[in-house]
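The values are calculated or read from the model by the stated rules, or taken from the named source; none is laboratory data. Computed from a predicted model, the values in this text were never measured in an experiment. All Cβ positions, glycine included, derive from the backbone under ideal geometry; neighbour counts span all protein chains shown.
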Amino acid sequence: MNNETDQVNPVWAISIAALLVAVIAIAIAGVAIARAGDSGDSGASGGMAMGSMSGGSMEHMSPLPIGGIKRAPSSQGGTLLKPTVQSGVAVYRLDARPVWWTIFGGQRVSAYAYNGIVPGPQIRVKNGQRVRIEFKNNLPEPTTVHWHGIGVPNSQDGVPGVTQKNIEPGKSYTYEFTAKPAGDPNGGGTFMYHTHTDEDRQMPMGLYGTLIIDPPSGAKHYSVDKTLVFSEWSSDPSTGRSRGVMQMEGMFPNFFTINGKSFPDTAPVNVQPGKKVLFRLVNAGQFAHPIHLHGTSFRVIAKDGHAVPKAAIERRDTLTLESGERADIEFTEPPGKWILHCHIGHHLTNDGDGPGGLLMIVNSK
Ligand SMILES: [Cu+2]
């Protein structure tokens, strides 16, 4: 029997133990550095550390600075913005600013918001209306405004480095155009406006709103005409600090909102049994959302602000909106408390707790 080969050499054992201790120490230090970079002055992080990024990409993934952010001026997003009329031009005042935005209960998130609300205020005009938007950048960083799907002159398209210079912090910029759908000058429908600067950060932090162009013949009348804007957030639940949302580990969204609110704080929509309702579904988020309606099916009468030809109108109960897409759906509900929701289970949670997120009540009575 040879015991020597079975015995552990004490010198080797000490060496291996020392090596293990060193490896563990390096790993702990690495996590600490990543978290410090992630949480900045707040000293806490929601476990969404990004330790291995550098330079420009790191900047895009950093959470918003939160020093000095004010509370939102209103708890309701997407409210109608009234213009002043000057020589036949509808003049709107719009700004972008950082705010604390409450998405449900006591959960607030740091946001970038048009006029301090998420979604930004709705602009609604008739086809052919001359529109002027006097925009002020009250963000701590540059931005621009893009008019998504609107037939604006090239110079008003809001793309930094292509059609204009970035609007620097504290500076103003005036956009002016005649409200007509791009490529469809006699049409009308559901459009958007949103930032076109650092879209990966600025859009998921709240810089989007809707712009409705009613067709030249006027808007069709519905008992309810409701715009629903879907979006996602990546926010630390304890500090509320927000960052961009992306399709990568550590950057996935953990909160989901309809018109800036997560269930149970999404606003119910009251409808009357048998009365025709129009929902304008808008995906201002970065992820696809299959939107499902209970109790009935719906007719998809417009896509991306353009009427669907009669023969091509589909009857659906679930419709997927990719990022940037819109759909106008028409339906009647039988009596009852029905729900509209995204069919992706994760999108029905608030930081992992359900039910939450993209779910709302359609109350038919
Ligand atoms: Cu979804």
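Before moving on, here are some points about what is shown:
- Selection count, the stretch 248-304, where residues are closer than 19 Å to Ser323 by Cα, of a type outside the set (A, V, I, L, M, F, W, C) and more than 16 Å from the ligand (Cβ to nearest atom): 3
- For the stretch 208-230, a residue qualifies if it is farther than 11 Å from Gly189 by Cα and of a type in the set (A, V, I, L, M, F, W, C), and the qualifying residues are Val224, Leu228, Val229, Phe230.
- Among residues of the stretch 108-132, those that are in a strand (DSSP E or B) and without any contact (Cβ under 8 Å) to a residue 60 or more places away in the chain, counted: 3
- Scanning the stretch 337-361 for residues that are under 13 Å from Phe104 (Cβ atoms), in contact with a Phe, Trp or Tyr (Cβ under 7 Å, 6 or more places away or on another chain) and of a type outside the set (S, T, N, Q), we see that the one that is farthest from the ligand (Cβ to nearest atom) is Asp351.
- Residue match in the stretch 319-333 (condition: at pLDDT 95 or above, touching a Pro at 6+ places or on another chain (Cβ under 8 Å), in the same structural domain as Thr257 (by TED's automatic domain parsing) and under 17 Å from Tyr222 (Cβ atoms)): yes
- Test for Tyr114: is it of a type in the set (Ser, Thr, Tyr), more than 16 Å from Leu211 (Cβ to Cβ), crowded, with 17+ Cβ neighbours inside 10 Å and at pLDDT 95 or above: no
- Search result, residues across the stretch 151-186 that are of a type in the set (Ser, Thr, Tyr) and either touching a residue at least 24 places away in the same chain (Cβ under 8 Å) or in contact with a helix residue (DSSP H, G or I) (Cβ under 8 Å, 6 or more places away or on another chain) (or both): Thr163, Ser172, Tyr173, Thr174, Tyr175, Thr178
- Among the residues of the stretch 217-254, those that are under 20 Å from Glu330 (Cβ atoms) and part of a loop (DSSP other than H, G, I, E, B) comprise Ser217, Gly218, Ala219, Lys220, His221, Tyr222, Ser223.
- Residues located in the stretch 133-180, provided they are farther than 19 Å from Pro83 by Cβ and assigned to a strand (DSSP E or B): Asn137, Thr143, His146, His148, Pro160, Gln164, Ile167
- Just one residue in the set Gln86, Gln107 is of a type in the set (S, T, N, Q) and touching a Ser or Thr at 6+ places or on another chain (Cβ under 9 Å); that residue is Gln107.
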